[in-house]
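Here is the structure we will look at.
The values are calculated or read from the model by the stated rules, or taken from the named source; none is laboratory data. What you see is a predicted model, and the numbers here were worked out from it, not measured in a lab. So basically every Cβ, Gly included, is an ideal-geometry build from the backbone, and we count neighbours across all protein chains shown. Protein only, heavy atoms only, side chains kept; ligands, DNA and RNA dropped before computing areas. Shrake-Rupley method; radii C 1.70, N 1.55, O 1.52, S 1.80 Å.
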Amino acid sequence: MIKEVDVQGLVTILSDYPELKEQITSIFLEVPESTVRERILLRDASISNHELEKRVDSISDENHHAEKICDHIIDGTQSPEKVLHDVLDILKK
């Protein structure tokens, strides 16, 4: 089964069900702040600077926590084909 959760969701799952730790493979797609900022602005050019910074800070926090808790980190700036290839390689193991 594949389930998309944010880092906090993964923390909650592992906290509530520690017996699943050995059965879960976590993969995090890491995207640099500059790319996040660019993507947010492309989706919503009218976003306020305050809201933009809040979202970028949230992503930055998530990246930091992912490095500590996730099993695998994948560069999310690669082509979709390369990301898929990397994910499939991890799942084959």
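Being open to solvent by 50 Å² or more (accessible area, probe 1.4 Å) and under 18 Å from N63 (Cα atoms) is the filter here, so list the residues in region 14-29 that pass it.
Of everything in region 14-29, those that are open to solvent by 50 Å² or more (accessible area, probe 1.4 Å) and under 18 Å from N63 (Cα atoms) turn out to be T25, I27, L29.
Does Q78 meet the test of being without any contact (Cβ under 8 Å) to a residue 60 or more places away in the chain and open to solvent by 80 Å² or more (accessible area, probe 1.4 Å)?
Considered against the rule, which asks whether it is without any contact (Cβ under 8 Å) to a residue 60 or more places away in the chain and open to solvent by 80 Å² or more (accessible area, probe 1.4 Å), Q78 comes out as no.
Within region 52-75, how many residues are closer than 19 Å to I2 by Cβ and open to solvent by 80 Å² or more (accessible area, probe 1.4 Å)?
Of the residues in region 52-75, 0 are closer than 19 Å to I2 by Cβ and open to solvent by 80 Å² or more (accessible area, probe 1.4 Å).
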